[in-house]
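None of the figures in this text is laboratory data; all of them are computed from the coordinates on show. The shown structure was predicted, so the numbers you read here are calculated from the model rather than taken from an experiment. Cβ placement follows ideal geometry from the backbone for every residue including glycine, while neighbour counts extend to all protein chains displayed.
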Ligand SMILES: C[S@@+](CC[C@H](N)C(=O)[O-])C[C@H]1O[C@@H](n2cnc3c(N)ncnc32)[C@H](O)[C@@H]1O
């Protein structure tokens, strides 16, 4: 077979080799114009890392060669904060095209501190430059630009549009009133509403709500509704303003009700699914907040019929007062979906018991299941027999719902659960009954649970173990420890997790003893000891290290990192010079989490490592340490050839600066 | 639900790209994360990094690599997808290629064939053009990375979605109904050979020359280096003058290769330069 390496692959390799040696810059710059995209793409990354912003700036200034200009621009953008001072300096130049590029690059880099330098350009005589400056302050969310932007709202159309969008992005409430001036009777009404939606300031709720009654064209009504919904979501107390409009809606909102009804029943089609989903949520929010009675059945039916509409539960729970007065009528509604929805969202008291019980024999499974859940939510012991009956004889969803409800009752009420755990009971009943006991401890049932932990059925054993883990007695611990040798691997690992969650010295001692056996469980044992954060296991893990294979060795590092013994950083420093790259990576990550000021030189060396993951850890560690030297290194990492590293470094640079003195660490 | 660290996803994504060519960079990183989350939970691993280490070092790592394609590949396909290409093949490419190799069957490859809809569509088109495989006039090879798809292809039993571009007449002619599903009639299955393989496995080579290769809707999932390697592989596997068909959103524009774009029947296909 001939070689698979095509010419671009050769050139790529040559570029890679040449880039890092002196004089490599010329090679990189030439490769920016290569015919193959893979070579160009790599050259851009290398240029970002090894070519100074001033040189890249010259490529950008060269209006003749579009390929070089674009490549230079991409490289500058990849340099991120490192290129910012250079780009800011360009803002003083006269060439409008250059200004445009600088503004666009600055806004894409997104380094907020550059924002103030842009303010003078907001009213630049060249409209393109002014527009780019407006967009840039929007992207960079420069709050100081708000007054100037509000001033621009009276200029010509393109500037107005850009200013409106920028105000939306900045999100300052001072923009609410000037933006409201465009709604509803201006060509700019829609963008203004979009901006108000982004700002989502509470003070916009009152002026926006009544507009829903008067504006009828979908082109503006849809965005208005979306804006209102977001404002309601973020409003600390939306019920006050919503009440006022609720009365108007009942009185003369027929058309609005029809509109909302359509949105609540819409079936999303492929093309507009996302749009329809947002409008559905917005309509639901408005109905829930205003308590629009006519549409409650529609909303509840949607909740029951649409498997992905569970969020409606949470929405209605936010406004319980709105639903409560109508609950009874909704529970007896002719449509089973409405009954089901009402059972799912209502909060009930002892007086409602007879009505709820009736629903336990509804012909529809979904209604019966919802009734079990509703009974359970009441948390009243007297309902125990009803739920137990459903647990024994219901269909699987009812059984699960009954179990969920039972788990909220007192241990005394749950003693009757014993009947469901007797020999001869169907396996699903036993498993669900045990599930109840993983949520509530019933001391009286302990012997039965421990006995079931020996059941021949793996499903029962697993459920019994989970329930047994709640008992504090030594016997339960023995059962869990014994399960570590279960013939089913999933049960072994579950037992391990349960022991870890219980904590306790005995389990740790047992786990440490298990380290002696090199079987497939040992990896999980090492991991479990980490999760227990068991200091007493640390030195045993260290001494085990040389005997293990690579996977266990790595796991030892991760576990020690959780346990954090006093000698951890020494241990990690040794691993950092390991032969194996993955071990070095693990050690580097560990050091990034625990390094103190003494380790600064190590982190600086890591920042120069050929491996990106180690450089990434360096960026995190340096960000933690802070200080001038760390910042300088981070600025270089912020233009790393690997985007992940650059992003980590940029995030680290944005961390609040700390004092670099050793005592600050 | 905790979100995964981008560096952890990159570590895993790089390993996957190296093995299979599939890239999960940028926004696709999140797709990788959500596709693998259930598997990680099953293995009780906390992070993509832990999964990476499992793949590389666990005794069952190789087995895990084998099941990975089923978790991360997009296998979307259907019969007569981009049907114009089949017409071009019959009307323009065959008349040109057949005289070039009169003494042997024409050889066609469907690379990244998923559950077989594409190679079977080819077989049907050839049948309908009066070329049954019995005459030994053609052979179709079809391969895919995902073993579960290859098994389905061999079974040739399809759901409605695979037939979404078939009119009632073609449904009747090419399929028989079996328990609410559609079984491709035997005569269209003859002459199509399936094999599971990773086109990017180190040292992988196609073991015979092809007159036509279809590789549609696969390169869009590939990173640049894998893209170039695969095109190199096809270039060396095609006979001089042989054709490569790509999906409608894929192209060799701006790539350095001996496969040159030609417009045939109003569409762009790629042809290997004729000199041997
Ligand atoms: C979206 S399907 C396209 C199917 C068909 N060609 C079509 O256009 O309808 C892409 C297929 O490529 C396969 N694939 C991905 N990477 C591959 C690789 N490295 N080697 C072979 N097949 C691969 C996937 O398993 C998947 O079935």
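Rounded if a/c is under 1.5, else prolate if a/b is larger than b/c, else oblate: which is the range A:1-51, with a ≥ b ≥ c the root eigenvalues of its Cα gyration tensor?
Because a/c hits 1.5 or more and a/b exceeds b/c, the range A:1-51 counts as prolate.
As I understand it, the value is the acute angle between the Cα axis of helix B:61-72 and the longest principal axis of the Cα atoms of chain B; what does it come to in degrees, rounded to 10?
The angle comes out at about 60 degrees.
Could you work out the relative contact order of chain A? I mean the mean sequence separation of Cα pairs under 8 Å and 6+ apart, divided by the number of residues, in percent.
6 percent
Take residue A:501, project a point 7 Å from its Cα along the Cβ direction, then tell me which residues of the range A:383-425 have their backbone nitrogen under 20 Å from it.
Counting only backbone N, you get A:400-411.
Taking the beta-carbon count within 10 Å as an exposure proxy, list B:175, B:65 from fewest neighbours to most.
Working: B:175 21, B:65 16.
Result, fewest neighbours first: B:65, B:175.
Neighbouring Cβ atoms within 10 Å as the yardstick, rank B:167, A:335, A:222 fewest first.
Numbers: B:167 10, A:335 15, A:222 19.
Lowest to highest Cβ neighbour count: B:167, A:335, A:222.
To the nearest µm²/s, what D does Stokes-Einstein give for chain B at 37 °C and 0.692 mPa s, using the Kirkwood radius over alpha carbon pairs as Rh?
The estimated diffusion coefficient comes to 164 µm²/s.
Could you work out the helix-only [θ] at 222 nm for the protein assembly as shown, with each DSSP H run of four or more residues adding -39,500 (n - 2.57) and the total divided by the number of residues, to the nearest 500 deg cm²/dmol?
On the way: 52 runs with 547 residues, N = 941.
Calculated from helices alone, the mean residue ellipticity at 222 nm is -17500 deg cm²/dmol.
How would you classify chain A from its alpha-carbon gyration tensor, with a ≥ b ≥ c the square roots of the eigenvalues: rounded for a/c under 1.5, else prolate if a/b is greater than b/c, otherwise oblate?
Oblate.
Rounded to the nearest 5, what % of the DSSP beta bridges within the protein assembly as shown are antiparallel ones? Display every interim value, and only then the final one.
Numbers: 15 of 34 bridges.
Around 45 percent of the beta bridges assigned by DSSP in the protein assembly as shown are antiparallel ones.
What is the Cα centroid distance between the range A:378-401 and the range A:200-223, reported in whole angstrom?
Centre-to-centre (Cα) distance: 46 Å.
What is the extension gain from residue A:643 to residue A:100, computed as 0.36 nm multiplied by their sequence separation minus the C-alpha to C-alpha distance, in nm to one decimal? Mind showing how you got there, number by number?
Values: separation 543, 0.36 × 543 = 195.48 nm, distance 2.47 nm.
Stretched out fully, the residue A:643 to residue A:100 stretch lengthens by 193.0 nm.
Rounded, prolate or oblate: pick one for the range A:566-665, where a ≥ b ≥ c are the square roots of the eigenvalues of its C-alpha gyration tensor, a/c under 1.5 means rounded, and failing that, prolate if a/b is larger than b/c, else oblate.
oblate
Which Rg and Dmax, in Å, describe the Cα atoms of the range A:1-155?
For the range A:1-155, the Cα-based Rg and Dmax read 18.4, 70 Å.
For the range A:32-113, what is the relative contact order in percent, using Cα pairs closer than 8 Å and at least 6 residues apart in sequence? If you can, show how the numbers build up before the last one.
Values: 81 pairs, mean separation 21.5, N = 82.
Result for the range A:32-113 is 26 percent.
Based on DSSP, what percent of beta bridges with both residues in the range B:165-276 are antiparallel, to the nearest 5? Before the final figure, lay out the partial values.
Working: 12 of 17 bridges.
Antiparallel bridges make up about 70 percent of those DSSP assigns within the range B:165-276.
Would you mind ranking A:255, A:352, B:211 by Cβ crowding within 10 Å, fewest neighbours first?
A:255, A:352, B:211
Just report the Cα centroid separation between the range A:125-177 and the range B:52-87, whole Å.
After rounding, the separation between the Cα centres reads 48 Å.
What is the packing order of peptides A:61-72, B:95-106, A:301-312, taking the mean over residues of other C-beta atoms within 10 Å and listing the highest first? Kindly include the intermediate steps, with their values, before the conclusion.
On the way: A:61-72: 14.9, B:95-106: 12.6, A:301-312: 16.6.
Going by the mean number of other Cβ atoms within 10 Å, highest first, we get A:301-312, A:61-72, B:95-106.
Restricting to bridges with both residues inside the range B:84-272, how much of the DSSP beta-bridge set is antiparallel, in percent to the nearest 5?
Rounded to the nearest five, the antiparallel share is 40 percent.
Rounded to the nearest 0.05, what FRET efficiency do residue A:608 and residue A:61 give with R0 = 35 Å and r taken as the Cβ-Cβ distance? Could you check? Walk me through the numbers on the way to the answer.
Details: r = 31 Å, r/R0 = 0.90.
About 0.65, to the nearest 0.05.
Relative contact order of the range B:140-276: what whole-number percent is it, with Cα pairs under 8 angstrom and at least 6 residues apart?
On the way: 168 pairs, mean separation 28.2, N = 137.
Computed value for the range B:140-276: 21 percent relative contact order.
Where does helix B:28-43 land angle-wise versus the long Cα axis of chain B, in degrees 0 to 90, nearest 10?
Approximately 60 degrees, to the nearest ten.
Against the longest alpha carbon principal axis of chain B, how many degrees, from 0 to 90 and to the nearest 10, is the axis of helix B:117-128 turned?
Once rounded, the angle reads 0 degrees.
Mind checking the mean number of beta-carbon atoms from other chains within 10 Å of the Cβ atoms in A:39-49? Intermediate values should be presented prior to the final figure.
Numbers: counts 3, 2, 1, 2, 0, 0, 0, 0, 0, 0, 0.
Across A:39-49, the average partner-chain Cβ count within 10 Å equals 1.
Say each of residue A:567 and residue A:123 gets a label point 7 Å from the Cα, pointing the same way as Cα to Cβ; how far apart are those two points in nm?
7.1 nm
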